[in-house]
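Beneath this line is the structure, given in structure tokens, with notes to follow.
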Amino acid sequence: MHLVHPNSRYWSFVAQNGDMDDAHFKYYAWELASHIPSTSGRETTAIVMAMPPWTMTPTDLQCFAACKEARTQVY
């Protein structure tokens, strides 16, 4: 990301505290470095969630595989 978009050099994926009920669930925030002031008023712009596929039900996995686009929420 930083090689293709040099302006992103102050941004990085930062591990967040996951769901305490599931040790396999992890999520990461695309965050601006704390020493850089935000020009948009936002310090986090995306959240990436990850979990191993074997923790999903067969129906959940089928729904995920059939998804054609990522849903986003704008605040």
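Observations, loosely collected:
- Rounded to the nearest 0.05, the FRET efficiency derived from the C-beta distance between Met1 and Thr59 at R0 = 30 Å is 0.35.
- Across the protein chains, with a 1.4 Å probe defining accessible surface, the residues Phe64, Phe25, Phe13 rank Phe64, Phe13, Phe25 from largest area downward.
- A simple spin-label model places pseudo-atoms 7 Å from Cα toward Cβ; at Glu69 and Phe25 they are separated by 2.6 nm.
The values are calculated or read from the model by the stated rules, or taken from the named source; none is laboratory data. In this text, all values refer to a predicted model and were calculated from it rather than measured experimentally. Glycine gets a Cβ as well: all are built from the backbone with ideal geometry, and neighbour counts include every protein chain shown. Areas reflect the complete protein model, heavy atoms only, side chains present, ligands, DNA and RNA absent. Shrake-Rupley method; radii C 1.70, N 1.55, O 1.52, S 1.80 Å.
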